[in-house]
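Input: a single structure, listed below in structure tokens.
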Amino acid sequence: TLGRDGSDYTAAILGAALGVSVIEIWTDVDGILSADPRAVPGAFVIPQMSYEEAMELSYFGAKVLHSSTIAPAVVRRIPIVIRNTLKPSAPGTRISRHVNRWDGVAKGITAVEDCTLLTLRGLSMVGVPGTAERLFRSLASHRVNVILISQASSEHTICFAVSTRQALAAQKAVHEEFRYEFHAKLVSLDEKTAQTIVAIVGDGMEGTPGVSGKVFQSLGRNGINVAAIAQGASERNISCVISDADRVRALNVIHEAFFERTRKLAVVLIGPGNIGTALLRQVLQQQSFLRTKGFDLRLCGLADSK
């Protein structure tokens, strides 16, 4: 093997070299799912997706397919089919250049855990050419992989996320490159640990109004703070940084917003006595758990009610 997913990559290289009609990857799941089923019970198999969608999902944590596997197939325009060895009859997921019409705008939601968010800030950076080049060149020289980048138009801050295992190397690289600025207290480097990058991917997101609003409205309504946001010009990926502690809840509420029909259940308690009061108290105590399961809990009462 050639490391993680080496057999898949080898199959893709051989398939491209031989000019085959299709490359099949046999694994232990039914295909590429809309989200991690261990975190999102409502996740389902996506029957078709484009090369670009699969590449985005694989890069941002979808472990069913390594991003390197896709490249040889793209060059020769060979479809890739993900199949389940335990369920050979399952249709799986077909990845190709041409994809049939999809009713929704998003195709999948995935997350990269255990990240550190670093922010280089300073008034001396505003309008100075080459600051970003110095920053990312220094990180590259220390072999630090940058997962996400976010910069406001003011140029006062440059925010980037790295794997936590590379956080110390990233800090060392930045301090070495900007040592004179740090000495003169012209810049500072902030660190936020235990972060998760959540990515929403889909070709249908391109040119569709309201996609970002749906993402951040669902997060805000459930009390999930967003530390950084990044969206490429292609509009097929919206990524945001949240706390590791909010990962499961965030995946569920975003999945519900894009893939699940909203279901409302109203429960009315008239004149609750001791038993009813105990029930309401238990519901309040379980608010966090209920929200991880996709419930938007709202309790209402009369003005003179206790």
Exercise for review: Would you check which residues across the stretch 80-109 are at pLDDT 90 or above, open to solvent by 20 Å² or more (accessible area, probe 1.4 Å) and in contact with a strand residue (DSSP E or B) (Cβ under 6 Å, 6 or more places away or on another chain) and list them?
Suggested key: Arg83, Thr85, Arg94
Point to revise | Options Thr157, Thr119, Thr131; residue that is over 18 Å from Tyr59 (Cβ atoms) and touching a residue at least 60 places away in the same chain (Cβ under 8 Å) | key: Thr119
Revision key, fill the gap. Note on the stretch 156-171: residues of a type in the set (Val, Ile, Thr) and either exposed (fewer than 15 other Cβ atoms within 10 Å of the Cβ) or in a helix (DSSP H, G or I) (or both) are Thr164
Exercise for review: Residues being β-branched (Val, Ile, Thr) and modelled with pLDDT of 90 or more: count how many of those fall in the stretch 60-79.
Suggested key: 4
Exercise for review: Check off (1) part of a loop (DSSP other than H, G, I, E, B); (2) at pLDDT 65 or above; (3) surrounded by fewer than 12 Cβ atoms within 10 Å (Cβ to Cβ) for Gly301 and give me the number that stays unchecked.
Suggested key: (2)
**Study point:** The listed residue being among the basic types (Lys, Arg), closer than 26 Å to Glu52 by Cβ and either within 22 Å of the chain's Cα centre (by Cα) or surrounded by fewer than 18 Cβ atoms within 10 Å (Cβ to Cβ) (or both), out of Arg236, Arg179
**Key:** Arg236
Point to revise | Thr93 being under 21 Å from Val144 (Cβ atoms) and within 24 Å of the chain's Cα centre (by Cα) | key: no
Practice item. Search the stretch 134-149 for residues that are open to solvent by less than 30 Å² (accessible area, probe 1.4 Å) and pair each with any residue that is assigned to a helix (DSSP H, G or I) and acidic (Asp, Glu) when their beta-carbon atoms are under 6 Å apart and the residues are at least 6 apart or on different chains. Key: Ser138/Glu177
Exercise for review: Report the residue count in the stretch 254-277 for those that are at pLDDT 90 or above and farther than 15 Å from Val201 by Cα.
Suggested key: 0
Practice item. For the stretch 43-61, name all the residues that are touching a residue at least 40 places away in the same chain (Cβ under 8 Å) and either farther than 15 Å from Ala106 by Cα or among the β-branched types (Val, Ile, Thr) (or both). Key: Val45, Ile46, Gly61
Revision key, fill the gap. If you go through Val174, Val198, Val187, Val211, the only one that is in contact (Cβ under 8 Å) with a residue 60 or more places away in the chain, farther than 30 Å from Val105 by Cα and open to solvent by less than 30 Å² (accessible area, probe 1.4 Å) is Val187
Revision key, fill the gap. Scanning the stretch 194-227 for residues that are within 26 Å of Gln287 (Cα to Cα) and part of a strand (DSSP E or B) gives Ala194, Gln195, Thr196, Ile197, Val198, Ala199, Ile200
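The values are calculated or read from the model by the stated rules, or taken from the named source; none is laboratory data. Computed from a prediction, not measured in an experiment: that's the story for all the values here. Note that we place each Cβ from the backbone using ideal geometry, even for glycine, and neighbour counts take in every protein chain shown. These accessible areas exclude ligands, DNA and RNA; they are computed on the full protein's heavy atoms, side chains included. Shrake-Rupley method; radii C 1.70, N 1.55, O 1.52, S 1.80 Å.
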